[in-house]
1. Take the residues of region A:188-240 that are among the hydroxyl-bearing types (Ser, Thr, Tyr) and within 30 Å of A:PRO287 (Cβ to Cβ): which is surrounded by the most Cβ atoms within 10 Å (Cβ to Cβ)?
2. Any idea which of B:GLY49, B:GLY99 is out of contact with any Gly (no Cβ under 7 Å at 6 or more places or on another chain), free of Cβ contacts under 8 Å to residues at least 60 places away in the same chain and within 14 Å of chain A (Cβ to nearest Cβ)?
3. Taking A:THR170 as the residue in question, decide whether it is assigned to a loop (DSSP other than H, G, I, E, B) and under 23 Å from the mean Cα position of the chain (by Cα).
4. Among the residues of region B:166-212, how many are assigned to a helix (DSSP H, G or I) and free of Cβ contacts under 8 Å to residues at least 12 places away in the same chain?
5. Residue by residue through region A:256-272, note down the ones that are at pLDDT 85 or above and closer than 21 Å to A:MET241 by Cβ.
6. Which residues, counting only those in region A:137-159, are within 13 Å of another protein chain (Cβ to nearest Cβ) and outside any helix (DSSP H, G or I)?
7. Limited to region B:214-229, what total is found for residues that are touching a helix residue (DSSP H, G or I) at 6+ places or on another chain (Cβ under 7 Å) and surrounded by fewer than 21 Cβ atoms within 10 Å (Cβ to Cβ)?
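The values are calculated or read from the model by the stated rules, or taken from the named source; none is laboratory data. Keep in mind the model is a prediction, meaning the values are calculated, not measured. No Cβ is skipped: glycine too gets one built from the backbone with ideal geometry, and neighbour counts run over all protein chains shown.
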Amino acid sequence: MTSHPVEATGLVRRFGDLTAVAGIDLAVEEGEIFGFLGPNGAGKSTTVRMLVTLLRPSGGSARVAGHDIVKNPTAVRRAIGVALQDAAIDPLMTGNELLRLQAVLHGLGRKESATRTSDLLERVGLTAAADRRVGQYSGGMRRRLDLALALVHRPMVLFLDEPTTGLDPTSRLAVWEEVRILNAEGTTVFLTTQYLEEADQLAGRIAIIDDGRIVREGDPRSLKEAVGDPTLRVEVSDAAMMETARAVLATFGEERPARVGRLAIGLAGGAGRLADVVRALDDQGVPVAHIELDSPSLDDVFADATGRRLEGANSAQPE
Amino acid sequence: MRSPTPRTDPVSAFGPTVFEIGRRSLIRIVRMPAILVPTIVMPVFFVIGFTGSFEGVTRIEGFPTEDFINWVGPYALVQTAAFAGIGAAGTMATDLDNGFIDRLLVAPIRRSAIIFGPLAYTAMRALIPITLVLLLSIPQGGSLPGGLLGLFIAVVGGMGGALMLGSMGLAVVLRIGHIRAMAIVQIVAFAFLFPSIGQVPLPLLSGWLHTVARFNPATNLIRMTRQGFIGDVSWAETWPGLLVIAIGLGVFTGWARYELDQRAP
């Protein structure tokens, strides 16, 4: 195993005159969850389809699990698990039958296949539905089955292409939990998503793609910190003390727009200085009704990089 | 903590893979038996309908048998088996539509298994109309002077027609990428089977139809399939049919494989 289970250099894919992926460089570390974040049409799925050998690159190169995706695609396929954007599941088959088919496709023997099928069905909570046709499964059940199918052969690298798109919050949380467990067990995960919350919750490192290019890369915290100071919002319960509060807060950072009756500043130093702010307000006798600190979000990172907000930015947040 | 333990053999075994892909299509039939309605109705229509309507045609001079069922039965066998073979393309079209093909393409299997799996299913499916035609021919007065060898050759002819049409269907569907491609395959199948010696012997055909039928590969296939129903089996009438099957299968499976490779490297 190389130190980078997934690495790409100058990866390009063109469809006629359209350049869907315009020269991507990335290196995924062993054992991490790598988030590939971007809006619809940014080039996420095209990149994944190249990395999983479903699409030949127009330029550049990539290695997955140490194997060149063009020169040795079969070795790549042997090493990876793939759950693509639209769960490609035959609705006429049962979960059990699909898992057994998948096991044969990956070269497992009859006995091993039966054991593995049973284990995976239990793991994803589908034992009771194992002999039901997949067409009768809910969206969440189909996603969990798709995940189980991708795990049949214990892959080194797991590619999850928008694994929670269209799922209800409960199902989404269940998928997140399973991804965390898999990662804790040592599986490297390459996760594409258009959901900020998903990338933030799961990924140790993120690459943000827009218009076929990676525009930011790093761990979510550093990316957000790089955007700027978090915003501190203070609601003063006595209107007469507003100007005093404003003066106090001005010593901690630059004032930012806020709702009527509230004050906001960019808090230099972040959460570490929150206690100082509270003490200073108290020393001046400012009665505080409400105080909150908002860190920059990945949407702010995306906006900082592209000048646009990420489409559907908050639609994945579980309630 | 578990470390991932990937298998190291380069590709999964060919035989079990083909078997499982073919088995999946058979499962689809069990779950959705309506798929088989045309496969069952066509032989009945051909054997009973045609025999009743055209029985007198054998009195025309030049017909090599007095029993029309012995003439039309083998044609029905080839035609209905061939159309049953197109079903393989239907499964592939569905897989392209719903993305299941991607599951097969990212598996470490030989690409040819993705072609031969549906063809294995085609062979099984073709047995339905072949058996039906043979069974329905008996009460219609059908006989088999060519004996068991004639029966075997007839089954080979029907199966060959099914596999050729099946592999052509796979190629066309993979080329076009949509279930609408099935209509093209059916038209092409008719275009081959109709201007042949299916309904009337070659000497009784005239004009362009005679010329086309003479060189139409379907003529050799039907002649091979039919020989045991109207006389003894001979190598002279067998090898051209086998050659048609061999060339047809080679060309169409090669084409299908090429189209599959165009979908993923």
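1. Filtering region A:188-240 for residues that are among the hydroxyl-bearing types (Ser, Thr, Tyr) and within 30 Å of A:PRO287 (Cβ to Cβ), the one surrounded by the most Cβ atoms within 10 Å (Cβ to Cβ) comes out as A:THR231.
2. Testing whether each residue is out of contact with any Gly (no Cβ under 7 Å at 6 or more places or on another chain), free of Cβ contacts under 8 Å to residues at least 60 places away in the same chain and within 14 Å of chain A (Cβ to nearest Cβ) leaves just B:GLY99.
3. So A:THR170 fails the test.
4. The qualifying residues number 9.
5. Once the filter is applied, which keeps residues that are at pLDDT 85 or above and closer than 21 Å to A:MET241 by Cβ, region A:256-272 yields A:ARG262, A:LEU263, A:ALA264, A:ILE265, A:LEU267.
6. Selection gives A:VAL152, A:HIS153, A:ARG154, A:PRO155, A:MET156, A:VAL157, A:LEU158, A:PHE159.
7. 2
For (1) under 27 Å from A:ARG143 (Cβ atoms); (2) at pLDDT below 95; (3) of a type outside the set (S, T, N, Q), each residue gets a yes or a no:
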| site | (1), (2), (3) |
| --- | --- |
| A:GLY16 | no, yes, yes |
| A:ALA22 | no, no, yes |
| A:LEU37 | yes, yes, yes |
| A:THR47 | yes, no, no |
| A:ASP68 | no, no, yes |
| A:ASP86 | yes, yes, yes |
